[in-house]
Each structure stands twice: as structure tokens, then as C-alpha cells.
Amino acid sequence: MCGRFTLYVDLDDILALMPGLVVDQAPAPRYNIAPAQMVATVPNVLDADGARRLAYMRWGLVPAWSKDHTIGSRLINARGETVHEKPSFRGSFKYKRCLIWADGFYEWAAVPGAKSKQPVYIRMKSGEPFAFAGLWDTWHDRAGTGDSLTTCTIITTTPNAVVGPLHNRMPVILPPAAYDDWLQPGEYNSDRLRALLAPYPADKMEAYPVARAVNRPGADDPSLIAPLADPPTLL
């Protein structure tokens with residue numbers, strides 16, 4: 001599962017991973033991105049000049065066929081093993097894929113003798129940003145209001161050795177070499193896409209306990225990603 005993540009790096013760090021990306025509005029630093037909030041993505045569509053463009057979408061997929069938008073709160077993640085066949089995701093997997101930019105994410109671990117779990121921050125050892133494999137869709141209100149939403153979900157897979165002690169799922173992090181395949185416009189080779197939905201190499205990642213303040217969705221400042229001076233022992 002991935003229920004909270006961060007994106008605070010400079011725009012130049014993202015552009016280094018995707019040269020030529022068109023950015024109309026740079027992402028504001030965020031240290032506690034939660035479901036139903038807007039996230040920075042790159043959808044698998046090209047603009048009129050044939051370039052890729054940064055787009056903001058609401059986190060929590062609302063399929064185009066949904067009667068209302070409330071389903072999005074239940075579709076913040078999609079299991080990579082079944083994403084090609086589940087009704088909520090198969091259309092987007094086939095035609096509407098995206099990258100979702102991040103530079104870290106949170107999980108919660110059990111602590112011996114404690115009732116509440118300990119938040120843990122997971123990131124690249126290098127501190128560089130990365131991209132989750134995502135799906136997107138646009139929903140139009142059937143009530144005739146003219147309202148529409150463009151939303152996304154993060155695909156998950158089995159965990160690597162860093163995330164495994166914390167949770168039985170982790171978000172799919174795509175290496176830059178996979179961006180072109182994932183962002184092919186429209187339908188693409190399903191087997192080739194599914195092969196990309198694998199755990200990211202553990203030797204490139206690290207995890208450490210952080211303050212419980214991150215439990216509050218309204219908390220959003222650099223202190224949330226600071227390592228604890230006296231971290232507890234985790235189960």
C-alpha cells in the first residue's frame with residue numbers, strides 16, 4: 001500500500017529524469033501528500049507540439065463509468081498482479097497510464113509494547129526523486145452539472161527487502177529506462193507493461209523512523225522527514 005508520500009525536490013531534479021518535460025506550474029514542496037489531494041503526474045498523452053507535459057490530478061481513481069466520484073477514496077492503489085483484469089483499472093491500464101512524481105513515501109510499523117504504529121519514511125539513498133507507476137482517468141458528472149475530475153491511482157507490488165519488514169505491499173517505482181514504455185500513447189503490449197510492475201532494487205533505498213506528526217494529514221513541513229534522534233525498536 002501507499003497512503004502518504006512526499007515531493008519536495010527542485011524542479012530541475014525532475015527535469016534531469018525527463019528532459020523536455022513541459023512544466024507550466026512547478027510542484028510546490030509537499031511533505032505529507034494524502035489521498036484526495038492533487039499530485040504531479042505525467043500522463044501518456046502528448047501535447048500539440050508532441051511533448052510530454054506535467055499535469056495535476058486528484059489522487060484516488062474515479063473510472064469514467066462511475067456513477068459518482070466517491071469511489072475514488074477506495075481506489076488510491078491498484079494491485080499490479082490484477083490491474084489488467086479488474087473492472088476499476090483494466091481500461092486505464094490499457095489506455096491511460098501515467099507517472100506520479102515523488103521523492104519518498106511513508107509506511108507504519110509495529111513497535112513492541114506500543115498501541116500505535118511508528119511512521120517510517122522510505123526514500124532513495126541518493127535523495128533523488130522517482131516516479132510511481134500510475135493509472136489515470138477523467139470522470140464527467142452524469143447529473144448534467146458539467147463537472148469533471150481527472151484522477152489517478154498508484155500501482156503496488158510485492159515489497160523489496162527495505163519495505164518488506166514494514167508492509168506486505170510497496171508502490172511500483174519505475175526506473176527512468178521504463179518511462180517511454182509506460183508512457184506509450186494508447187494501447188501497448190500488455191505483457192511488456194506488466195513486466196515493469198516489479199519491486200524496486202532494495203540496495204538503492206533506505207528507511208528510517210520519523211515523528212508521529214505525519215499521522216495528521218494537515219501536517220506538512222520538512223520536520224516530518226527528519227530522522228528521529230532516538231528511534232524505537234520496530235517489530
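Observations on the structure shown:
- Any chance SER116 is more than 17 Å from PRO43 (Cα to Cα) and at pLDDT below 95: yes
- Residues in the range 146-195 that are of a type in the set (A, V, I, L, M, F, W, C), assigned to a loop (DSSP other than H, G, I, E, B) and buried (at least 17 other Cβ atoms within 10 Å of the Cβ): VAL162, VAL163, LEU166, VAL172, LEU183.
- Of the residues making up the range 46-66, those that are out of contact with any Cys (no Cβ under 9 Å at 6 or more places or on another chain) and either under 14 Å from CYS98 (Cα atoms) or polar (S, T, N, Q) (or both) number 6.
- Looking across the range 17-71, the residues that are among the hydrophobic types (A, V, I, L, M, F, W, C), in contact (Cβ under 8 Å) with a residue 60 or more places away in the chain and either part of a loop (DSSP other than H, G, I, E, B) or surrounded by fewer than 15 Cβ atoms within 10 Å (Cβ to Cβ) (or both) come down to MET18, ALA34, VAL45, LEU46, LEU61, VAL62, ALA64.
- Residues (surrounded by fewer than 18 Cβ atoms within 10 Å (Cβ to Cβ) and under 23 Å from ASN160 (Cβ atoms)) located in the range 205-231: GLU206, TYR208, PRO227, LEU228, PRO231
- Residue check: ASN189 meets all listed conditions (1) closer than 22 Å to ARG52 by Cα; (2) modelled with pLDDT of 95 or more; (3) polar (S, T, N, Q) but one, namely (2).
The values are calculated or read from the model by the stated rules, or taken from the named source; none is laboratory data. Please read all numbers here as calculations on a predicted model, not as lab measurements. Please note: Cβ atoms are built from the backbone with ideal geometry, for glycine as well, and neighbour counts cover all protein chains shown.
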